[in-house]
Every structure is written in structure tokens, then in C-alpha cells.
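The values are calculated or read from the model by the stated rules, or taken from the named source; none is laboratory data. Because the structure is a prediction, the values reported are computed rather than measured. Because the Cβ atoms are built from the backbone with ideal geometry, glycine has one as well, and the counts that use them run over all protein chains shown.
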Amino acid sequence: MNIHVLPDSQSYRVFVEEAWLTEVLKQTENTPFDNAAVELCAAVKAVAYARNQPLAMLENLEYELREVALERMFIEDGPIQNALSPLRIFAESVRQQIVFNRAVDQVAANLRNLVSQPLSHPVLDIHGLFRHLATENERFQMVLWKSEHQAFVSLFFAYEFFLNRVYFGLTGKTTRREFGEALSKAVGDSVANFCWREIQVQRRLRDAIVHNGGRKTKELEELRARGAEIRVNGEGYLILTAEDVNELYFMLKPRVLKLLTTAVKMPPAFAVGPDGTTGHGQCSDPSQD
């Protein structure tokens, strides 16, 4: 199978921004949509951290090697022993033992501070090693390939569920058919177009991964014929990389805020009572509909 992954480690950084998460939660504070926002933020953060793991693994290795290098720099070359030897001479009494122990504690603290700083020379070329593994190591390539597919799907699922939660909060209803039309009735055509109809390419990419093993579908071919940028390899598999996941996040960001700023200004037609019931009968969770 021809696997296509990006070798640039910077593409795998944690994409989610704390400022955006804060804004989303701020918009929904003390509104019927606060739970939907909290769950969305948690899901997006989880996706961002999960897809970062291949790079985080190498960064952690670099940290461990730096710690070892510092340990050898100080212990093998002898500066620590030389600095502490006068104290050892006087460490016969309990009082001097306390002084000695405090000195050791201070040295340990100094070492921890040094470990947190870069050395004057690199211990490990993370970006070079990442590039090598992404281009030469089949196992690493497969990890990147599938982790990005999973990240894309999970990110879209989180947004889709969020849409349903907001729609449910506005109407007390759930729908799986003609969602764009239903959303238009709830928030207007402009918001529905921006938040749903304009991301149908991404929706169909998600569908192809989930329902067609990552291969192109008839729907994607039709979208491609109308000018949508959809990349496919020679075997008919979709080419989805870390940059596609990053772009999906940046595409969804303004749509989340647009829907929320619209929804919080509208009087909810539905509210969950303390017993879980509503004016429409028993509370219906959109995830179960």
C-alpha cells in the first residue's frame, strides 16, 4: 500500500489554542449550551494531544537524553564531587550532616533547573530523526498515516455532535435527515450554510474513512468534478495528512463561535428540567437518536 505522510515534525504540533477554548467556554457560560461547549472543547483537546504523540515521544526521548548528558557532564567530570568534598570532611556530626544534605538538595535543584534549559549543543536532532522515521521507517509511517485519519474523523465527529447538541438545545428535537434544512429553520440560512453546508467536502472525507476504508467514494468523485480539492493516490486511497487535520481545525473554529454567538442570543425553545423531562416529554439525547 502506498502510504503518504508529511515528514515535517512541525505539522504534528498540538494545534488547539487555549485562547479559542477560553472564548468558546466564555460564550456559553450560564447558557443552555454550556455542556455542549465543554464536551466539544474536551474532545478537540483530546484529538490534538493524541495526534501529537509520535512527536511527543521523540521530544520526551530528547529530554531524557539531555538529562543523562547533564548528569554525565557534572558527575563524570567531577565538579559536583569537588564542590562537595569540603562538606564531606565536616559531615561527621549531625549538624554538619544537615548542612551537607542541604547542600546536596541545592545541587539537585540546580541540576533540575539546568535540565529544563537547552544545552549549548543539541543532544538529539528531533526534527531530523522525525523526518528520517517518516520517510524510511514503515512502522512509523503507518502510525502517522492512521493517527491522522483517526484525528480527522474524531475532530469532525466532535463538531457534528456539537451541532446536534446546539440544535437540540434550540428546538428540543433531533434529526438525522436533511440536517441542513432543519438547522436553517433554527438559526437561519446564512448560519446554517456557513456552519454545515460549506463543510460537505470534509463530511464526505469523514464518510469515506469510516464507511469505505479510506478509499474515494462516488460522492467525493462528484465533488472533485465540481472543483473540490480531493487528493487520491494511485490505488484509490485518500491522501489525508497532518496538514489536513490542522486545516480542519482552523476551518471549524469560526463555525463553532458563529453558531454559539447566534444560539445564545435566541430564546431556547427547549430546556431540560431538574428531573430530566422537557416540555416535549422525556429528554432525548441527540447521541441516542
If I ask for residues that are at pLDDT 95 or above, more than 16 Å from ASN246 (Cα to Cα) and among the acidic types (Asp, Glu), which ones from the stretch 1-59 would you list? GLU23, GLU39
May I ask you to verify whether ARG215 is closer than 30 Å to GLU17 by Cβ, among the charged types (D, E, K, R), within 26 Å of the chain's Cα centre (by Cα) and in the same structural domain as SER154 (by TED's automatic domain parsing)? no
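Give the stretch 24-43 a look and list any residue that's within 16 Å of the chain's Cα centre (by Cα) and in contact (Cβ under 8 Å) with a residue 40 or more places away in the chain, or say none.
Just the residues of the stretch 24-43 that are within 16 Å of the chain's Cα centre (by Cα), to begin with: 24, 37-43.
Of everything in the stretch 24-43, those that are within 16 Å of the chain's Cα centre (by Cα) and in contact (Cβ under 8 Å) with a residue 40 or more places away in the chain turn out to be VAL24, ALA37, GLU39, LEU40, ALA43.
Here is a yes/no grid of residues against (1) in contact with a helix residue (DSSP H, G or I) (Cβ under 8 Å, 6 or more places away or on another chain); (2) outside the structural domain of ASN30 (by TED's automatic domain parsing); (3) not in a loop (DSSP other than H, G, I, E, B):
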position	(1), (2), (3)
ARG224	no, no, yes
GLY227	no, no, no
ILE230	yes, no, no
LEU240	yes, no, no
LEU248	yes, no, yes
VAL256	yes, no, yes
THR261	yes, no, yes
LYS265	no, no, no
Considering each of GLU219, GLU148 in turn, give the residue that is in contact (Cβ under 8 Å) with a residue 40 or more places away in the chain, touching a Lys or Arg at 6+ places or on another chain (Cβ under 8 Å) and part of a helix (DSSP H, G or I). GLU148
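Would you check which residues across the stretch 36-53 are assigned to a helix (DSSP H, G or I) and among the polar types (S, T, N, Q) and list them? Outline the logic, then answer.
Initial filter on the stretch 36-53 (assigned to a helix (DSSP H, G or I)): 36-51, 53.
Selection gives GLN53 alone.
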Among the residues of the stretch 195-207, is any of a type in the set (S, T, N, Q), surrounded by 15 or more Cβ atoms within 10 Å (Cβ to Cβ) and modelled with pLDDT of 95 or more? yes
